[in-house]
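Notes to accompany the following structure.
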Amino acid sequence: MSAETNKALVRSLLERLLGGWTPDVIEEFFAPSYRRYLNPTMPPLTREGQRDRANRLRAAFPDATAALEDILAEGDRVAYRLTIRGTHRDVFQGIPPTGQHVTVSFTAIVRIEDGRLVEEWGGLDLFDLRHQLQTAAAANPASHHG
């Protein structure tokens, strides 16, 4: 597949994910062998593990939106950057809901084979996201009581 075709595939995936990580989206866009590498020290997520992780994020930020800021492709790889905005409405990584509106970057590189994602690296800027939530929680201690 050409770099342009691969970019179109990622754009299509991002649009479809607005409706959630449904079984048909997983089957269409993610190879059974898909692996997501969040960092060099953790074992990679499978497509089911990635779905579960994304669903936890969606539960914590149910109104989240994602704007595609950049997309670049070369060969079988596509790099893209999103700006994600949402409101913290449920527990996220141990932080109780704060009601805080957050804006955070998401950057990833994916490898595509036979029209489906087989590998992915990167993700949310968790350091910045946790900082925004912890700052909000410290400014409003009552948010810890639900």
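Check ALA73, ALA66, ALA136 and return the single one that is of a type in the set (A, V, I, L, M) and open to solvent by 50 Å² or more (accessible area, probe 1.4 Å). Just a single option satisfies the conditions, and that option is ALA66. Is it the case that the stretch 60-74 has a residue that's within 21 Å of VAL118 (Cβ to Cβ), touching a residue at least 60 places away in the same chain (Cβ under 8 Å), of a type in the set (Gly, Ala, Ser) and part of a loop (DSSP other than H, G, I, E, B)? Within the stretch 60-74, not a single residue is within 21 Å of VAL118 (Cβ to Cβ), touching a residue at least 60 places away in the same chain (Cβ under 8 Å), of a type in the set (Gly, Ala, Ser) and part of a loop (DSSP other than H, G, I, E, B). Candidates GLY94, GLY115, GLY123: the one that is within 27 Å of SER12 (Cα to Cα) and modelled with pLDDT under 95 is GLY123.
Residue check: HIS88 meets all listed conditions (1) within 22 Å of TRP121 (Cβ to Cβ); (2) in contact with a Leu (Cβ under 8 Å, 6 or more places away or on another chain) but one, namely (1). Report the residue count in the stretch 1-46 for those that are part of a loop (DSSP other than H, G, I, E, B), hydroxyl-bearing (Ser, Thr, Tyr) and loosely packed, with under 15 Cβ neighbours inside 10 Å. Residues in the stretch 1-46 being part of a loop (DSSP other than H, G, I, E, B), hydroxyl-bearing (Ser, Thr, Tyr) and loosely packed, with under 15 Cβ neighbours inside 10 Å: 3 in total.
Taking THR103 as the residue in question, decide whether it is more than 30 Å from SER2 (Cα to Cα) and part of a strand (DSSP E or B). It is true that THR103 is more than 30 Å from SER2 (Cα to Cα) and part of a strand (DSSP E or B).
Please state which one of THR107, THR103, THR65, THR41 is among the polar types (S, T, N, Q) and more than 15 Å from the chain's Cα centre (by Cα).
The unique qualifying residue is THR41.
Which residues, counting only those in the stretch 95-112, are surrounded by 14 or more Cβ atoms within 10 Å (Cβ to Cβ) and either closer than 23 Å to ILE71 by Cβ or in contact (Cβ under 8 Å) with a residue 60 or more places away in the chain (or both)?
The answer is VAL102, VAL104, SER105, PHE106, THR107, ALA108, ILE109, VAL110, ARG111, ILE112.
When the stretch 77-94 is limited to residues that are open to solvent by 60 Å² or more (accessible area, probe 1.4 Å) and either in contact (Cβ under 8 Å) with a residue 24 or more places away in the chain or not charged (D, E, K, R) (or both), the one that is nearest to GLU28 (Cα to Cα) turns out to be ARG77.
The values are calculated or read from the model by the stated rules, or taken from the named source; none is laboratory data. As the structure is a prediction and not an experimental result, all values here were calculated from the model. All Cβ positions, even for glycine, are placed from backbone atoms using ideal geometry, and neighbour counts span all protein chains on display. Only protein heavy atoms, including side chains, enter the accessible area calculation; ligands, DNA and RNA are left aside. Shrake-Rupley method; radii C 1.70, N 1.55, O 1.52, S 1.80 Å.
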